[in-house]
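Participant: Sharing a structure below in structure tokens format, with a few things to ask.
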Amino acid sequence: MNVLVVLPILIPLVSAVATLLLRSSVRAQNVIGMTGSALLLAASIWLLTAVHDGGILVQQLGGWKAPFGISFVADTFSALMVLLTGVTGLAIAIYSAAAVDEPRRRFGYFPLLHILLMGVNGAFLTGDMFNLYVWFEVMLIASFVLLVLGGERVQFAGAVKYVTVNLLASMLFLIGAGVLYGKTGTLNFADLAFKLSQTANPELVNTSAMLFLVAFGIKAAIFPFFFWLPDSYPVPPAAITALFAGLLTKVGVYALLRTFSIIFVHDTGFTQPLFLVLAGVTMVVGVLGAVAQSEMKRLLSFHIVSQIGYALMGLGIFTQLALSGAIYFTLHVAIAKAALFLVVGYVARKRGHTALKQLGGLLRESPVLAVLFLLAALSLAGLPPFSGFFAKFTLVRAGLESADYVIVAVALAVSMLTLFSMTKIWGEAFWKETPGGVPSADILPPAPTVENPLVTVYPTLTKASMALYFIPMFLLVAVTVIMGLAAEPILQMTGQAADQLLNPTLYIESVLGVQP
Amino acid sequence: MSAVILRIATKYLSPVLLIVSLVLLLRGHNDPGGGFIGGLLAASGLALQALAYGSARARRLLRYDPRTFIGGGLLLALSSGIPALLSGEPWLKGYWWKPELPLLGALPLGTPLWFDIGIYFTVIGFTLTIVFALAEHDEREEY
Amino acid sequence: MHLLIAILSGVLFAAGVWLILRRSLARLVLGLILISHSASLVIFTSGGLQHAEPPLVEKGATALQTPFADPLPQALILTAIVISFGLFAFFLVLIKRAHQETGTDDIDAMSEVES
């Protein structure tokens, strides 16, 4: 059978184990951390080409036939998301080698990073509802520890909120799975899709669908379940925030797109208007929250919420074009967001804080950083020729075609506000002069005290660590530019992914191996 | 804190727990038991030591850092999939090997057992990482 | 029997929610644990409650004896319990550390302290 499907799960696991066993050597951890992510990227490219050319790949774990065993399925959608993990993972791993302090790395930063990547990939590739739960938890436990790693005081309150809300989401997920199993007697995606298409009365299925909506909605941070995100994401170091922003919420989006396109399609008259409303409100609330912020990390965290709305909008319109746009948008926003957080991380490192009022003069100090920020920010706001433009353009076109004018208007307005708050960061942090004179080039953080011995201590910036800071930013910004310039082939691929979601027959046949 | 009863009890209980944990680990494939529950029992044996004599002693008995146990255990569990990969079967497909031993009869060994031993060590490592983190107030290394 | 378990899981869930809404972090954890039990019960019931044989083929037989119990819900619950064991163990460490650092186990006071 096909080992390729499980490679994106195995490679991070091997890297995690290797870095865990070589915990004492920071150098070895850096090397393994980076090569492991590079290998993951290579495997994910390989997987995408294989799926693109050869159709859906399936691996039945342990040789147990579906629907009894656990299937891993790679269709175009999954493969694209795995590629996203590969790109983001590599960028973060390189960045972390410079930006994550030594106590954190000694405790096991890199093993946790790779376990997180494994969980994310597992969630993208699994073909089984319960297995999805398991990957969610793998991901969550790694992210919990990453969130509090370092033990700084500010981290705790944010982490408690994050853990509580996500645990609740997991419980609702479990209850939903229980109801669904009681109704259908299976939890395999393909088998579910097949059995539910044969079911006449969808009452209980709707109950379970709504439980899943809430569970995934919490993970994806859609309205009204987003409040935990702006409180917890800004707390850890920027490398970790970038990782979360790039991947964790996207797993929630992926789960929503996956389940509500191949499994819960029996009552679209009910679910689609619901999604459209949620999408609109999520966008507006997120962006209004962002406009009100004056601290970079919090501001960008609110934007995460706002952008999730666009992906949801695609799910609400539910045409081939809309789903294709939603998938393209998810890929785009993960990359652009991660790039922005990496830039912010460097600002925090240089200045010791990220409060917009006190920042300034960054354009003069580091023009390269300014340009990188500008490219990523314009892409996020949706200006041509960047990826954000084509993503939003596709979604808006889909909205116009299906005559959902309200959501289109909201999407365009929110886009303007996004641009506005990006120019705010640009103006405050990069353009204006530093208030109160030019600061020293490299502010050192406060020395550790008895009360708080773990204040993040960074090594001084050398040429090598500067390179480690900038290479990942270049990488991610380049990807978002290329995604814009090569929108045609990428949209063709996301279109294929959308086709597979809308016509699950192929998916069902590949997994169950029979003519349904 | 001088908990005499706890200390005496620990002296006898903790080896028993370790042995029972091994029994559970080995019989898990036909009867209730397995790597997880065995690992938990073994970890509780060491946690008792930590309670009665302090976690420094439990750490000494463990010899390696519990996180190394997590890594080693995962490595074992992971490598149990390799025979399947080599023979072109799906990853983690089970293989059994039953050598005939004198007097004892057939001894079933297989990759599921191998996997379970990995889980056993991972669970010991994880549980003790948490137990030590809870027991050691002032060690700032943790979290 | 179904009704009884349904009521039980509802009561557990309600109690869990009540505990979560307290301000103390220790109760928060207890509440989450109760809710996780409630979720396990729902899965358990979803498989159907009945007197049945274990789903094992007896020596010499070629098919399962009917009626046989559905093994999947139990496997799912077991997995869920194992996972929540890990999560709650971690959560306990988290609130203990949070308590040490901030000197309070009231979540609102904790946020005020830092800002």
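Participant: Where does helix A:129-148 land angle-wise versus the long Cα axis of chain A, in degrees 0 to 90, nearest 10?
Facilitator: 10 degrees
Participant: Shifting gears a bit: Run the helix sum for chain C: -39,500 (n - 2.57) per DSSP H stretch of 4+ residues, divided by residue count, reported at 222 nm to the nearest 500 deg cm²/dmol. Could the numbers behind the result be given before it?
Facilitator: Values: 4 runs with 81 residues, N = 115.
Rounded to the nearest 500, the figure is -24500 deg cm²/dmol.
Participant: Before I look further, what does the protein assembly as shown give for accessible area per residue, probe 1.4 Å, in whole square angstrom?
Facilitator: Details: 30330 Å² over 774 residues.
About 39 Å² of surface per residue is accessible.
Participant: Go through A:Val347, A:Val26, A:Leu256 and say which Cα lies farthest out towards the positive end of the charge dipole of the protein assembly as shown; charges sit on Cβ, +1 for Lys and Arg, -1 for Asp and Glu.
Facilitator: The one lying farthest along the dipole's positive direction is A:Val26.
Participant: For A:Thr184, what is the net charge nearby, where nearby means another residue's Cβ is under 14 Å from its Cβ and Lys, Arg count +1, Asp, Glu -1?
Facilitator: Working: positive: A:Lys183, A:Lys195; negative: A:Asp128, A:Asp191, A:Glu203, C:Asp70.
Here the count lands on -2.
Participant: Can I ask one more? For A:Asp128, enumerate residues with amide H under 5 Å from its amide H, sequence gap 5+ or separate chain, H modeled in the peptide plane.
Facilitator: A:Phe189
Participant: Taking the Cα centre of the protein assembly as shown as the origin, how large is its charge dipole in debye, to the nearest 20, when only Lys and Arg (+1) and Asp and Glu (-1) carry charge on their Cβ atoms? If you can, show how the numbers build up before the last one.
Facilitator: Values: 43 positive and 41 negative charges, 266 e Å.
Value, rounded to 20: 1280 debye.
Participant: Checking an interface number: how much accessible area is buried between C and B, summed over both chains, with a 1.4 Å probe, in Å² rounded to 100? Kindly include the intermediate steps, with their values, before the conclusion.
Facilitator: Details: alone 8280 and 9320 Å², together 16570 Å².
Chains C and B together bury roughly 1000 Å² of accessible area.
Participant: Related question: Got a sec? Charge dipole of the protein assembly as shown, +1 on Cβ for Lys and Arg, -1 for Asp and Glu; which of A:Asn131, A:Thr35, A:Leu400 is way out at the positive end?
Facilitator: Of A:Asn131, A:Thr35, A:Leu400, it is A:Thr35.
Participant: Given a 1.4 Å probe and every protein chain left where it sits, what share in percent of the accessible area of the protein assembly as shown is carbon and sulfur? If you can, show how the numbers build up before the last one.
Facilitator: Details: 21000 of 30330 Å².
Roughly 69 percent, rounded to a whole number.
Participant: Taking amide hydrogens as modeled 1.01 Å from N in the peptide plane, which residues meet the under 5 Å criterion relative to A:Glu295, leaving out close sequence neighbours?
Facilitator: So A:Glu295 has HN proximity to A:Leu356.
Participant: State, in angstrom, two size descriptors of segment A:202-296 derived from its alpha carbons: Rg to one decimal place and Dmax to the nearest whole number.
Facilitator: 15.0, 47
Participant: Can you list the residues of segment C:14-37 that have at least 30 square angstrom less accessible area with all protein chains present than in their chain by itself, probe 1.4 Å?
Facilitator: Listed in order, they are C:Leu32, C:Ile35.
Participant: I would also like to ask the following. Among residues other than A:Ser379 whose Cβ falls under 15 Å from its Cβ, what is the net charge (Lys/Arg +1, Asp/Glu -1)? Spell out each step's value before the answer.
Facilitator: Values: positive: A:Lys337, A:Lys392; negative: none.
Net charge around A:Ser379: +2.
Participant: Within segment A:10-90, report the trypsin sites (Lys or Arg not before Pro) that DSSP leaves as loop and that have at most 11 other Cβ atoms within 10 Å.
Facilitator: Working: sites: A:Arg23, A:Arg27, A:Lys65; in loops: A:Arg23, A:Lys65.
Loop-located and lightly packed - A:Lys65.
Participant: Tell me, what ³J(HN,Hα) does each residue in segment B:110-126 have, in order and in whole Hz, if you take phi through Karplus 6.51 cos²θ - 1.76 cosθ + 1.60 with θ = phi - 60° and put x for Gly and Pro?
Facilitator: Karplus values, whole Hz, x for Gly and Pro: x, 5, x, 5, 3, 4, 5, 5, x, 4, 3, 6, 4, 5, 4, x, 5.
Participant: I need the Kirkwood Rh of segment A:312-400: take the reciprocal of the average 1/r across all distinct C-alpha pairs and report it in angstrom. Intermediate results must be reported in sequence, preceding the final value.
Facilitator: Working: mean 1/r = 0.0698 Å⁻¹.
Radius from the Kirkwood sum: 14.3 Å.
Participant: Given the C-alpha centroids of segment B:117-132 and segment A:51-125, what is the distance between them in whole angstrom?
Facilitator: Spelled out, the Cα-based centre of one part sits 24 Å from the other.
Participant: Further question on the same structure: Run the helix sum for chain A: -39,500 (n - 2.57) per DSSP H stretch of 4+ residues, divided by residue count, reported at 222 nm to the nearest 500 deg cm²/dmol. Before the final figure, lay out each step's value.
Facilitator: Numbers: 22 runs with 373 residues, N = 516.
Taken over chain A, the calculation gives -24000 deg cm²/dmol.
Participant: If you bin the C-alpha pair distances of chain A every 20 Å from 0, what whole percents do you get?
Facilitator: Spelled out bin by bin, chain A gives 24, 59, 16, 1 percent.
Participant: Turning to a different aspect of this structure: Listed highest first by mean packing, meaning other Cβ atoms within 10 Å per residue, what order do A:131-144, A:466-479, A:296-309 come in? Don't skip to the end; give the middle numbers.
Facilitator: Working: A:131-144: 23.0, A:466-479: 20.1, A:296-309: 26.3.
Ranking, from highest mean packing down: A:296-309, A:131-144, A:466-479.
Participant: Would you mind calculating the gained length between A:Ala486 and A:Val291 on full extension (0.36 nm times residue separation, minus the Cα-Cα distance), in nm to one decimal? Please report the intermediate quantities before stating the final value.
Facilitator: Numbers: separation 195, 0.36 × 195 = 70.20 nm, distance 3.13 nm.
Gain in length upon complete extension: 67.1 nm.
Participant: Report the accessible surface area buried between chains A and B, summing both sides, using a 1.4 Å probe on protein heavy atoms only, in Å² rounded to the nearest 100.
Facilitator: On the way: alone 18500 and 9320 Å², together 25880 Å².
In total, chains A and B hide about 1900 Å² from solvent.
Participant: Let me ask another. Taking segment A:2-100 on its own, what percent of its Cα-Cα pair distances exceed 16 Å? Please list the in-between numbers first.
Facilitator: Working: 2864 of 4851 pairs.
That tail contains 59 percent of the Cα-Cα pairs.
Participant: Additional query: Amide H neighbours of B:Gly110 under 5 Å, counting only residues 5+ apart in sequence or on other chains, H built in-plane at 1.01 Å?
Facilitator: Amide H neighbours of B:Gly110: B:Trp97.
Participant: So how tilted is helix A:26-54 from the main axis of chain A? Cα-based, degrees 0 to 90, rounded to 10.
Facilitator: 30 degrees
Participant: Compute log10 of I(q)/I(0) for segment A:121-238 with the Debye formula, placing one identical point scatterer on every Cα and leaving out solvent, at q = 0.13, 0.14, 0.23, 0.24 Å⁻¹, to two decimals.
Facilitator: -0.57, -0.64, -1.28, -1.35
Participant: With solvent modelled as a 1.4 Å probe, how much accessible area in total do chains C and A shield from it at their shared surface, in Å² to the nearest 100?
Facilitator: The summed interface area works out to 2900 Å².
Participant: Can you give me the orientation-averaged projected area of the convex hull built on the Cα atoms of segment C:9-115, in nm²? Walk me through the numbers on the way to the answer.
Facilitator: Numbers: hull surface 34.8 nm².
Result: a mean projected hull area of 8.7 nm².
Participant: Kindly work out what percent of the DSSP beta bridges joining two residues of the protein assembly as shown are antiparallel, to the nearest 5. Walk me through the numbers before you get to the answer.
Facilitator: Details: 12 of 13 bridges.
Of the beta bridges lying entirely in the protein assembly as shown, close to 90 percent run antiparallel.
Participant: Which parts of segment A:278-320 would a label at A:Leu502 reach, counting a residue when its backbone N lies under 15 Å from a point 7 Å out along Cα-to-Cβ?
Facilitator: Taking a point 7 Å out along Cα→Cβ of A:Leu502, the residues of segment A:278-320 whose backbone N falls under 15 Å are A:314-320.
Participant: Mind checking A:20-28 for the average number of partner chain beta-carbons within 10 Å of each residue's beta-carbon? Present the calculation step by step, with values, prior to reporting the outcome.
Facilitator: Details: counts 10, 7, 1, 4, 2, 0, 0, 0, 0.
Other-chain Cβ atoms within 10 Å of each residue's Cβ, averaged: 3.
Participant: Give me the distance between the Cα centres of segment A:336-397 and segment C:40-115, rounded to whole Å.
Facilitator: So the separation of the two Cα centres works out to 42 Å.
Participant: How many angstrom lie between the Cα centre of segment A:166-211 and the Cα centre of segment B:1-71?
Facilitator: Result: 40 Å between the Cα centres.
The values are calculated or read from the model by the stated rules, or taken from the named source; none is laboratory data. Everything numeric in this text was worked out from a predicted model, so none of it was measured. Glycine gets a Cβ as well: all are built from the backbone with ideal geometry, and neighbour counts include every protein chain shown. Ligands, DNA and RNA are stripped out before the accessible areas are found, and what is left, the full protein with its side chains, is counted by its heavy atoms. Shrake-Rupley method; radii C 1.70, N 1.55, O 1.52, S 1.80 Å.
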